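Trainee: Just dropping this structure here.
The values are calculated or read from the model by the stated rules, or taken from the named source; none is laboratory data. No experiment lies behind these values; they were computed from the predicted model shown. Neighbour counts run over all protein chains shown; Cβ positions are idealised from the backbone, glycine included.
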Amino acid sequence: MKLLITGGAGFIGSAVVRHVIRTTDWSVANVDVLTYAGNLESLAEAGASNRHRHYKVDIRDRPALDAVFAEARPDAVLHLAAESHVDRSIDGAAPFIDTNVRGTFTLLEAALAHWRTLDAEARQRFRFQHISTDEVFGSLGPTGRFTETTPYAPNSPYSASKAASDHLVRAWHHTYGLPVLTTNCSNNYGPYHFPEKLIPLIILRALRGERLPVYGKGENVRDWLHVEDHAEALTTVLTKGRPGESYNVGGDSERRNIDVVLGICRLLDEMLPGSPNRPHETLIDFVTDRPGHDARYAIDASKIRRELGWQPRHTFEDGLRDTVRWFLDNEPWWARIMSGAYRGERLGLPG
């Protein structure tokens, strides 16, 4: 199979590329313009393979996309390219609308044009797989889970832009017949995670003895999914999913934010017995909550388990331990990031 993967130098995208190169004989055309969160160092393993090629192309650039489609002739598209951080969307929504909505539209148009050039058998096999988020469903109370039929109720500029892109993908299937698949995932974590997100941010700030910001009282709940489990889920959906269907992908690992932070602190206490910052939980600093902070997300992933046979391999405890250890063992990777575009500052401040 020949894949075109957008956002393949990002956190989730690079995990998918590594998984594909490691476990299949497929080839990958990796379309990533390398914004602040794109990092080719996350692809060192795949970069050595002749089945992987990076194209520094913006998904909003239709002529450039057409050229990639003409050269790569993909059997499937996995669309992961997106602006993805809620706090950044609060600071400035325009890039989220531009990339997530206009970029998805442009990619759909390019994919549709390519699909129409294929013979009948190849058109039947082709897939356009769109990777989205559980945040499009809004916020849950203390009980219940998001299913594939939960009404959309996005509460941030980021989630609104992703909801819009989901609707575009659905429309291109029902209007033009493009064979699409959509997945909505819970919070990812794991190796190569850009340090603006909760888990890597807490790890790196704790290593430097800095205050560990926790929004509100830390009561917000998220369902955590190891990125390598997610990568496996996406290739499972690609090969087994039914066109026109959506599949929720979750880790079955609900945790309060404060419990995640405390877990990281305890792991660092254990792994760094000589640290002057022990106990690391004394660094916790409860800060003003961000605007529109959804109380709880939880994914019902029974459909993908039942119909496609996928389930996560990592428990949250084992996955978090492995993630903390990875950041301790890979300082050169994150040190180069922290010395450049992002230094761990607060984003998404009210007003």
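Trainee: Taking segment 276-294 on its own, how many of its residues are of a type in the set (S, T, N, Q) and in contact (Cβ under 8 Å) with a residue 60 or more places away in the chain?
Mentor: 2
Trainee: If you don't mind, another one. Taking segment 244-274 as the search range and keeping residues that are of a type in the set (Gly, Ala, Ser) and free of Cβ contacts under 8 Å to residues at least 60 places away in the same chain, which one is surrounded by the most Cβ atoms within 10 Å (Cβ to Cβ)?
Mentor: Gly263
Trainee: Considering each residue of segment 104-132, count those that are in contact with a Phe, Trp or Tyr (Cβ under 8 Å, 6 or more places away or on another chain) and either of a type in the set (Gly, Ala, Ser) or not in a helix (DSSP H, G or I) (or both), and give that number.
Mentor: The number of residues fulfilling the criteria is 6.
Trainee: What is the number of the single condition among (1) touching a residue at least 60 places away in the same chain (Cβ under 8 Å); (2) outside any helix (DSSP H, G or I); (3) surrounded by fewer than 21 Cβ atoms within 10 Å (Cβ to Cβ) that Thr183 does not meet?
Mentor: Exception for Thr183: condition (3).
Trainee: Another question, then. Scan segment 49-77 for residues that are within 15 Å of Ser14 (Cα to Cα), surrounded by fewer than 23 Cβ atoms within 10 Å (Cβ to Cβ) and either in contact with a Gly (Cβ under 7 Å, 6 or more places away or on another chain) or at pLDDT 95 or above (or both) and jot them down.
Mentor: Arg51, His52, Arg53, His54, Tyr55, Lys56
Trainee: Right, next: In the list Asp259, Asp285, Asp289, Asp269, which residue meets the criterion of being touching a Phe, Trp or Tyr at 6+ places or on another chain (Cβ under 6 Å), farther than 29 Å from Thr24 by Cβ and of a type in the set (Asp, Glu)?
Mentor: Exactly one of Asp259, Asp285, Asp289, Asp269 is touching a Phe, Trp or Tyr at 6+ places or on another chain (Cβ under 6 Å), farther than 29 Å from Thr24 by Cβ and of a type in the set (Asp, Glu), namely Asp289.
Trainee: Out of Pro63, Pro74, which single residue is out of contact with any helix residue (DSSP H, G or I) (no Cβ under 8 Å at 6 or more places or on another chain) and either within 26 Å of Glu135 (Cβ to Cβ) or not charged (D, E, K, R) (or both)?
Mentor: Unique residue meeting the criteria: Pro63.
Trainee: Another question, then. What is the residue count in segment 5-32 for residues that are within 25 Å of Glu331 (Cα to Cα) and within 16 Å of the chain's Cα centre (by Cα)?
Mentor: Counting residues in segment 5-32 that are within 25 Å of Glu331 (Cα to Cα) and within 16 Å of the chain's Cα centre (by Cα) gives 14.
Trainee: Restricting attention to helices (runs of 4 or more DSSP H) lying wholly within segment 232-351, give those where 1 or more residues are touching a Lys or Arg at 6+ places or on another chain (Cβ under 7 Å).
Mentor: 257-271, 302-308, 316-329
Trainee: Considering each residue of segment 40-70, count those that are closer than 22 Å to Leu107 by Cα, in a loop (DSSP other than H, G, I, E, B) and of a type in the set (A, V, I, L, M), and give that number.
Mentor: Total meeting the criteria: 2.
Trainee: On to the next question. Do the conditions hold for Leu80, that is, is it in contact with a Lys or Arg (Cβ under 8 Å, 6 or more places away or on another chain), of a type in the set (A, V, I, L, M, F, W, C) and either closer than 26 Å to Arg336 by Cα or surrounded by fewer than 20 Cβ atoms within 10 Å (Cβ to Cβ) (or both)? Write out each step before concluding.
Mentor: Numbers: in contact with a Lys or Arg (Cβ under 8 Å, 6 or more places away or on another chain): no; of a type in the set (A, V, I, L, M, F, W, C): yes; either closer than 26 Å to Arg336 by Cα or surrounded by fewer than 20 Cβ atoms within 10 Å (Cβ to Cβ) (or both): yes.
Taking the combined requirement at face value, the residue does not satisfy it.
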